[in-house]
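Worksheet: the structure to be examined is printed underneath.
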Ligand code: SF4
């Protein structure tokens, strides 16, 4: 790779190299899979749908079921209305979902298909549902698509009856099924009744039974999505991912919300637990206090290895901010924080975080790519790179250890079962980070020093 100045690379307007994001529909498909007996439907060409399914399957190592409007030349010229009509009939007849969640693609957005009008015209069987959201990939990212799909479910389904169901609505953010399980464990421990939308646990982390289930047991139930309008409060985790959908529910049904960062690291998890305690008025159970204490003890143990280490972090905005918050607690310096998802809020929140820990001379940038990150790392090296698989070649080129966290991780297994949220998640992050630093030291030290370590 040639050495450009960071300014030259940052000022590039014409092209993205090694993007730190993917298509909007990938996120929409993921959100739709988190609804029970829902079939995500891609309104566009088969190629888009195949790519998006493949992307999810490579990360989760599970089949990602979805259907397509299968546009051909005719639909590209005259619009995809008749394709959608035929698709809906075939899908309800053959695959028997309870709900079809349609998302658009670049092609249908460019044609200008009016999905609202098209869906009104479709003969949806009694007791079944069809919802949609717009996901043009030439703006936003998979995170935007995820948010839009969650908002789509609320727009179509959620209702306010005026009688509270005494539940909270939990919006989990773009996280793995392992994280969603961890949220549920904490909510149950705190005795808080909830509906989580979406919930991909039990869908994309199913056990081997020897039998293919088109619709696994997990996912948010449709009556629970309808009932979101009667929730007493929304907790929206992930300011960029969840707050817009919480606002949609507030506007539609008057459910007030509290938006907070993903509960990653000590302080952010404390905040989440305190918010739950505020709702339940219950004592915090010993098992949670114990986990927190274990985490703090581990942080003290590993401090000599983490303190002062410079780290570059890339990925989805809320995840990058969560990881940054935790590495700062470990005494590390998040030298570079980048996301491919646009949004000024990311840079603002990142800078607030840096200011709080009195860390200076770091760069936080949204709507950019890994080419810029690589250039910055060339100009000033870091000790560690944290992000998804697409950082692999940069890590190798710069001889920096890569800790795989976030989305997508396509060259490793099991990660999506392991939470990064909560105290348990922070313990896992601490383990991954420390082991990467120590493995690097072991592989770069003299043989005699290695013997001392052993
Ligand atoms: S056409 Fe758009 S939605 Fe389809 S794969 Fe390409 S960028 Fe993604």
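No lab work stands behind these numbers, since they all come straight from the coordinates. Only a predicted model underlies this, so the values are computations on that prediction, with no experimental measurement involved. FYI the Cβ positions are ideal-geometry reconstructions off the backbone, even for glycines, and counts take in every protein chain you see.
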- Task: Using only Cα positions of segment 287-448, each an equal point scatterer, no hydration layer, compute I(q)/I(0) via Debye at q = 0.09, 0.15 Å⁻¹ and quote the log10 values to two decimals.
- Result: -0.28, -0.80
- Note on the structure: A correct fewest-to-most ranking of 129, 417 by other Cβ atoms within 10 Å would be 417, 129
- Can you pull a Stokes-Einstein diffusion coefficient for segment 117-178 at 25 °C (0.890 mPa s), Rh from Kirkwood over Cα pairs, as a whole number of µm²/s? 170
- Whole-Å distance, taken between Cα centres, linking segment 96-140 and segment 307-360: 36
- Message: For segment 250-333, compute Rg over Rh where Rg is the Cα radius of gyration and Rh is the Kirkwood radius from the inverse mean 1/r over Cα pairs.
- Response: 1.07
- Query: Sorted from largest down, what three extents in whole angstroms do the Cα atoms of segment 135-245 have along their principal axes?
  - Reply: 45, 41, 23
- Using alpha carbons only: equivalent-ellipsoid semi-axes of segment 224-289, gyration tensor based, whole Å: 24, 15, 8
- Task: Can you tell me the 0 to 90 degree angle between the C-alpha axis of helix 46-60 and the longest principal axis of the chain, rounded to 10?
- Result: 40
- Note on the structure: Quick calc of log₁₀ I(q)/I(0), segment 251-297, Debye, one scatterer on every Cα, no solvent, q values 0.15, 0.19, 0.24, 0.30 1/Å, result -0.48, -0.70, -0.95, -1.17
- If you line up the long axis of helix 239-253 against the longest principal axis of the chain, both from Cα atoms, how many degrees apart are they, to the nearest 10? 30
- Just order 264-273, 149-158 by mean Cβ neighbour count inside 10 Å, highest at the front, would you? 149-158, 264-273
- If you line up the long axis of helix 317-329 against the longest principal axis of the chain, both from Cα atoms, how many degrees apart are they, to the nearest 10? 30
- Query: For segment 107-146, what mean projected area does the convex hull of the alpha carbons give, in nm²?
  - Reply: 3.6
- Note on the structure: Fewest-first ordering of 444, 142, 41, 103 by Cβ atoms within 10 Å yields 444, 41, 142, 103
- Query: Dividing the Cα radius of gyration by the Kirkwood radius, what Rg/Rh value follows for segment 360-414?
  - Reply: 0.96
- How big is the chain on each of its three principal axes, counting only the C-alpha atoms and giving the largest first in Å? 74, 57, 45
- Message: If each DSSP helix of 4+ residues adds -39,500 (n - 2.57) and the sum is divided by the residues in the chain, what number results at 222 nm, nearest 500 deg cm²/dmol?
- Response: -15000 deg cm²/dmol
- Message: Between segment 7-72 and segment 237-306, what is the separation of their alpha carbon centroids in Å?
- Response: 29
- Query: Using the reciprocal of the averaged 1/r over all distinct C-alpha pairs, how large is the Kirkwood radius of segment 12-87 in Å?
  - Reply: 13.8
- Task: Using only the Cα atoms of segment 24-157, each taken as one equal point scatterer with no solvent, compute I(q) by the Debye sum, divide by I(0), and report log10 of the ratio at q = 0.15, 0.18, 0.22 Å⁻¹.
- Result: -0.62, -0.92, -1.44
